[in-house]
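Chemist: Let me give you the structure first, and then I'll get to my questions.
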């Protein structure tokens with residue numbers, strides 16, 4: 001691997017489409033399955049002028065991050081080259097892609113990458129998957145040798161920034177989907193869900209999803225009640241695993257069995273309420289006041305809202321859950337502002353580091369030249385210095401060193417400054 | 001020297017009390033890394049100070065209000081650390097750590113001057129009697145705080161208002177409340193038993209006719225009744241807070257009765 005200091009900087013170009021710029025019809029044509037990502041990345045870095053590259057492909061975005069040769073002629077061609085790559089690799093006409101493409105260069109490309117990895121550019125701001133997806137793309141690009149010095153350091157910085165955003169803001173702390181809100185509320189009541197029992201009354205996609213979330217969090221028993229027993233048994237079998245006990249219970253015994261459950265998810269199509277206030281009192285009495293959480297996803301509702309008045313019963317209907325999700329989403333919006341500030345600060349820091357790194361080869365060359373001159377002058381005066389004692393020689397050596405350093409200082413400062421100014425221009 | 005260590009401990013309690021606010025209220029883990037080590041260090045210095053204080057006074061138990069206060073503060077801090085170690089929550093520190101700070105503040109800067117002539121001060125049994133009863137009081141206050149936290153969180157959940165992230169889940173607060181009481185009961189029972197045996201041997205049966213002593217036994221009965229009700233009916237929320245508050249009030253009355261009792265006082269009259 002070459003020394004990063006000695007490598008010519010190159011030009012950072014990011015080209016992509018995402019959920020904001022392209023409809024799903026376009027995105028799906030450019031989406032790269034995980035199995036083909038390595039091949040696509042390899043093909044990308046074999047394009048003329050591209051030194052390093054990475055492809056990020058998720059359901060909401062396809063982005064090509066490249067480090068290209070610095071020559072002006074290549075620079076102006078880079079977008080066309082990347083478009084051609086997309087056209088050739090996906091067999092999608094350039095004209096179909098071009099209106100949806102965005103392009104970022106240098107500083108703006110860094111900012112965009114930081115924002116993407118920090119989930120500020122996601123459809124649901126703060127969602128945690130994107131960082132894992134960026135890391136996956138990086139791993140693949142590294143495996144095929146498409147990422148080395150410059151992108152390596154940029155991506156490492158990206159991961160640090162994304163972690164910083166997560167730890168210093170609350171951007172990902174609150175749930176924004178109905179199912180995860182239900183799980184969050186259950187955790188507020190029961191703490192750990194290890195060993196908890198969930199009763200599904202009726203069958204619906206959303207209630208199934210909520211139950212799966214609860215199982216993921218440690219719920220160990222799933223009871224299923226349905227008017228059609230075979231449907232209940234089928235659903236119970238779907239949840240069954242080595243860690244999860246499942247049981248289909250008959251709808252007739254619902255009121256005798258419901259108090260076994262800590263969490264009840266209802267989603268029947270019944271026109272009238274299934275659980276009333278008195279049921280809640282009865283269940284709580286039998287449970288010695290251990291709390292019960294009712295998640296009522298049905299419309300019309302299955303649980304009488306007055307059950308919430310019973311001490312120990314917590315009843316949330318679909319509107320309540322939606323309201324919590326919306327409030328959490330608004331919270332994320334506020335946290336996103338704090339996250340943007342962190343990203344801006346980190347972009348500045350990264351650019352500064354990059355700029356000082358760019359000046360290093362010139363600084364080193366200047367210092368070497370000065371040292372050679374100093375050594376040559378000392379050698380020329382060797383005969384005149386012959387009479388000096390070792391201490392006096394040492395003093396002369398130190399004096400010349402100090403003089404050289406002092407003479408070089410303004411030049412070196414100017415060099416650093418000019419590199420910084422040039423880059424910011 | 002003991003005062004110096006106590007002042008260091010008080011300073012550390014103050015720092016921990018401040019650090020626990022962002023740690024709990026704003027979920028800033030960095031502040032937790034200040035609050036917990038500060039409390040651990042405070043407990044260490046507090047213990048050293050207390051040991052030196054009692055050693056210098058040539059008695060083995062706290063005899064004046066200030067010494068008792070400082071021992072109670074130490075027990076509160078230990079209870080907080082125990083809860084943190086078991087449940088990883090610092091929320092109780094919002095109340096307990098400032099309490100430790102305040103309980104240590106007065107003894108640290110205005111130490112008690114009372115002299116005592118009480119003959120039993122040097123026995124280990126009396127020391128146990130005092131420490132066990134103070135531990136029971138600390139456990140009761142902890143339980144009351146946990147019950148209050150339960151009540152607040154329960155109200156938020158019932159009203160569908162955004163829950164307070166710094167409050168532990170209901171089941172956790174309920175466990176803290178109940179386990180504190182279960183820890184306090186043997187402490188109180190043993191404390192009262194030891195006190196009674198000592199009193200029987202030294203003062204005789206007349207000791208048990210003192211209203212303060214009778215009140216202490218009433219407190220024990222209330223404590224037992226509270227645990228029985230909580231365990232057997234699964235009492236939680238509002239009614240649990242009422243019950244804990246009532247017993248806490250009885251405890252305060254018993255504590256206050258030390259000032260008026262003829263046979264049971266901190267210092268000689």
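The values are calculated or read from the model by the stated rules, or taken from the named source; none is laboratory data. The structure presented is a predicted model; accordingly, all values stated were derived computationally and were not measured. Using ideal geometry, Cβ is built from the backbone for each residue, glycine included, and neighbour counts are taken over all protein chains shown.
Chemist: If residue A:116 satisfies every condition in (1) at pLDDT below 90; (2) within 22 Å of residue A:347 (Cβ to Cβ); (3) not in a loop (DSSP other than H, G, I, E, B) but one, which is the exception?
Modeler: Single failed check for residue A:116: (1).
Chemist: In segment A:4-19, is there at least one residue being outside any strand (DSSP E or B) and at pLDDT 85 or above? Spell out the reasoning first.
Modeler: Looking only at segment A:4-19, we keep the residues that are outside any strand (DSSP E or B), and these are A:4-10, A:19.
Now narrow it down to the ones that are at pLDDT 85 or above: A:19.
Yes, there is a match, as at least one residue in segment A:4-19 is outside any strand (DSSP E or B) and at pLDDT 85 or above.
Chemist: While we're on this one: Would you check which residues across segment A:27-41 are buried (at least 17 other Cβ atoms within 10 Å of the Cβ) and closer than 11 Å to residue A:144 by Cα and list them?
Modeler: A:37, A:38, A:40, A:41
Chemist: May I ask you to verify whether residue B:255 is within 14 Å of another protein chain (Cβ to nearest Cβ) and either in a loop (DSSP other than H, G, I, E, B) or at pLDDT below 85 (or both)?
Modeler: Details: within 14 Å of another protein chain (Cβ to nearest Cβ): no; either in a loop (DSSP other than H, G, I, E, B) or at pLDDT below 85 (or both): yes.
Considered against the rule, which asks whether it is within 14 Å of another protein chain (Cβ to nearest Cβ) and either in a loop (DSSP other than H, G, I, E, B) or at pLDDT below 85 (or both), residue B:255 comes out as no.
Chemist: Which condition number does residue B:228 fail, the rest of (1) away from chain A (no Cβ under 14 Å); (2) surrounded by fewer than 17 Cβ atoms within 10 Å (Cβ to Cβ); (3) under 20 Å from residue B:248 (Cα atoms) being met?
Modeler: Result: residue B:228 passes all but (1).
Chemist: While we're looking at this one, here's another question. Select, from A:194, A:170, the only residue that is in contact (Cβ under 8 Å) with a residue 60 or more places away in the chain and within 13 Å of chain B (Cβ to nearest Cβ). Please lay out each step first, then the result.
Modeler: Details: A:194 fails: in contact (Cβ under 8 Å) with a residue 60 or more places away in the chain.
Going through A:194, A:170 in turn, the sole match is A:170.
Chemist: Can you list residue pairs whose Cβ atoms sit under 6 Å apart, with the first residue in segment A:270-293 being in a helix (DSSP H, G or I) and the second being surrounded by fewer than 18 Cβ atoms within 10 Å (Cβ to Cβ)? Count only pairs 6 or more apart in sequence or on different chains.
Modeler: A:277/A:306
Chemist: Looking only at residues that are in a loop (DSSP other than H, G, I, E, B) and over 30 Å from residue B:228 (Cβ atoms) in segment A:249-269, which one is nearest to the other protein chains (Cβ to nearest Cβ)? Don't jump to the end; show me each part of the working.
Modeler: Here is the first cut: in segment A:249-269, the residues in a loop (DSSP other than H, G, I, E, B) are A:261-262, A:267-269.
Narrowing further to those that are over 30 Å from residue B:228 (Cβ atoms): A:267-269.
Working: A:267: 19, A:268: 22, A:269: 25 Å.
Among those that are in a loop (DSSP other than H, G, I, E, B) and over 30 Å from residue B:228 (Cβ atoms), it is A:267.
Chemist: On to the next question. Can you name the number of the only condition in (1) surrounded by fewer than 11 Cβ atoms within 10 Å (Cβ to Cβ); (2) part of a loop (DSSP other than H, G, I, E, B) that residue A:388 fails?
Modeler: (1)
Chemist: Could you list, in sequence order, all residues of segment A:215-235 that are closer than 21 Å to residue A:301 by Cβ, in contact with a helix residue (DSSP H, G or I) (Cβ under 6 Å, 6 or more places away or on another chain) and surrounded by 18 or more Cβ atoms within 10 Å (Cβ to Cβ)?
Modeler: Of everything in segment A:215-235, those that are closer than 21 Å to residue A:301 by Cβ, in contact with a helix residue (DSSP H, G or I) (Cβ under 6 Å, 6 or more places away or on another chain) and surrounded by 18 or more Cβ atoms within 10 Å (Cβ to Cβ) turn out to be A:224, A:225, A:226.
Chemist: Follow-up. Being closer than 27 Å to residue B:231 by Cα and more than 13 Å from every other protein chain (Cβ to nearest Cβ): is that true of residue B:197 here? Full working, then the answer.
Modeler: Numbers: closer than 27 Å to residue B:231 by Cα: no; more than 13 Å from every other protein chain (Cβ to nearest Cβ): yes.
Judged against the criteria, residue B:197 is not a match.
Chemist: Given the condition modelled with pLDDT of 90 or more, assigned to a helix (DSSP H, G or I) and under 18 Å from the mean Cα position of the chain (by Cα), answer yes or no: does some residue in segment B:196-218 qualify?
Modeler: no
Chemist: So in segment B:231-261, with the set limited to residues that are without any contact (Cβ under 8 Å) to a residue 24 or more places away in the chain and crowded, with 18+ Cβ neighbours inside 10 Å, which one is farthest from the chain's Cα centre (by Cα)? Can you show your working first?
Modeler: So in segment B:231-261, the residues without any contact (Cβ under 8 Å) to a residue 24 or more places away in the chain come out as B:232-235, B:239, B:242-243, B:249, B:252, B:256, B:259.
Restricting the remaining residues to those that are crowded, with 18+ Cβ neighbours inside 10 Å gives B:234-235, B:243.
On the way: B:234: 24, B:235: 23, B:243: 18 Å.
If we take residues in segment B:231-261 being without any contact (Cβ under 8 Å) to a residue 24 or more places away in the chain and crowded, with 18+ Cβ neighbours inside 10 Å, then B:234 is farthest from the chain's Cα centre (by Cα).
Chemist: Just to be sure I understand, how many residues within segment B:160-171 are facing chain A (nearest Cβ under 9 Å) and over 28 Å from the mean Cα position of the chain (by Cα)? Give the steps one after another, and end with the answer.
Modeler: Keep residues of segment B:160-171 that are facing chain A (nearest Cβ under 9 Å), which gives B:160, B:162-163, B:165, B:167-171.
Those still in the list that are over 28 Å from the mean Cα position of the chain (by Cα) too: B:160, B:162-163.
Result for segment B:160-171: 3.
Chemist: Another question, then. Check residue A:53 against each of (1) surrounded by fewer than 16 Cβ atoms within 10 Å (Cβ to Cβ); (2) in a strand (DSSP E or B) and name the one condition it does not meet.
Modeler: For residue A:53, the failing item is (1).
Chemist: Looking for whichever is in a helix (DSSP H, G or I) and either over 30 Å from residue A:173 (Cα atoms) or away from every other protein chain (no Cβ under 14 Å) (or both) here; the options are A:326, A:356. Which one fits?
Modeler: Values: A:326 fails: either over 30 Å from residue A:173 (Cα atoms) or away from every other protein chain (no Cβ under 14 Å) (or both).
Going through A:326, A:356 in turn, the sole match is A:356.
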